[in-house]
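Working notes, structure below.
We did not get these values from a lab; they are worked out from the coordinates using the rules stated. Remember, predicted model here, so these are calculated numbers, not experimental data. Cβ: placed from backbone, ideal geometry, glycine included. Neighbour counts: every protein chain shown.
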Amino acid sequence: MPKKLDLTDNLEQYIIDNSEPLTKVQKEIIEYNITLGDQKRLQISVSQAQLLQSLIKASGVKKILEIGSFTGFSALSMALALPSDGSLISLDKNLEFSKKAKVFYEKANENKIIQIIKPALESLNELKNSKTKFDLVFIDADKENYLNYYNICIDLIDKGRLIIIDNVLWHGEVADGSKNDKFTSIIRDFNKYLKQDSRVSKNIIPVGDGFTICIKK
Ligand SMILES: C[S@@+](CC[C@H](N)C(=O)[O-])C[C@H]1O[C@@H](n2cnc3c(N)ncnc32)[C@H](O)[C@@H]1O
C-alpha cells in the first residue's frame, strides 16, 4: 500500500499549477469570493472544479443540474467543460449571489447556464413533474435538505448517470466520534444513508471538503 500523502498548501498549489489551467473569469470569481471574507469557503476548491470538468468530458455529459450556485464558480467551471450543445440548470434561492454569478457568466460569454432563483425543493419538484432528465447532478446547497435533494434527483437521472455531492467529509469531522454537532450529524447520517442505498454505486473522494460520486445502477 503506498504511503499516504500529506496534502499541504504547497502540494495543493503544485497540483493546481500542473492541472488544467483556469480561465480568466474563473480566476476573477475566486478573487471576488476572497473579498467576501468567510463566505469564500462556500466555493468548491479548484481541484474539485477540475475533477468535475474531467468527469463531464470523460462521460459525455450534456445536461447538468446544479443545486447551490453561490457566485457561479462551480457552474461556470462545469459549463466550460460541456460541449456547445450542452446545458446547465443552476438552482439557488439567493438573488444577490445569483445576480453576481450572472455577471461572471456574461463576462465569460457562457450562455449554456440557466439560472432558477427560488428554493431548490420547489424547482426540483417542478423538474420532476416535467420529467426533465440530467446526465449529472451536483448537490452543494443547504445540508438539511441533502437527503431530500438526493431522493428527488435519483429520479432525474438514468442508469449510468451521476450524482455528485459536496462536503461529505465536513472538514474531516464525520470521522471524529467526539464531534456531534447538528451539521456533522446531518452529513454523517446522509453518508450512512448513501452507503446502504442499492440504487447507486458510490465512491467518496478526499478532494476539497469531500465529494461522493454516485453512479445510478
Ligand atoms: C456552498 S454554496 C454553493 C457553492 C457553489 N457550488 C460554488 O462552488 O461556488 C451553497 C449555496 O446554496 C444556496 N442555498 C442554500 N439553501 C438553499 C435552498 N433551500 N434553495 C436554493 N439554494 C439554496 C445558497 O444561497 C448558496 O449560494
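What does the C-alpha gyration tensor say about the overall shape of the chain? Classify as rounded when a/c is under 1.5, otherwise prolate if a/b is larger than b/c, or oblate. Note, shape of the chain comes out rounded.
Of all beta bridges DSSP finds with both residues in the chain, what is the antiparallel percent, to the nearest 5? If I count the DSSP bridges inside the chain, around 35 percent turn out antiparallel. Given their separation in residues at 0.36 nm each and the Cα-Cα distance between them, residue 4 and residue 27 gain 5.3 nm when the chain is fully extended. The packing ranking, built from the mean of other Cβ atoms within 10 Å per residue, places the peptides 17-30, 56-69 in the order 56-69, 17-30, highest first.
Helical content of the chain, expressed as a calculated mean residue ellipticity at 222 nm, amounts to -12500 deg cm²/dmol (DSSP H runs of 4 or more residues, -39,500 (n - 2.57) each, divided by residue number, nearest 500). Within straight-line reach of residue 182, meaning a Cα separation under 16 Å, sit the following aspartates and glutamates at least 8 residues removed in sequence or on another chain: 142, 144, 173. So how far, in whole Å, is the C-alpha centre of region 110-156 from the one of region 6-82? For region 110-156 versus region 6-82, the Cα centre distance is 20 Å.
The value of relative contact order for the chain, using C-alpha pairs under 8 Å at least six residues apart, is 16 percent.
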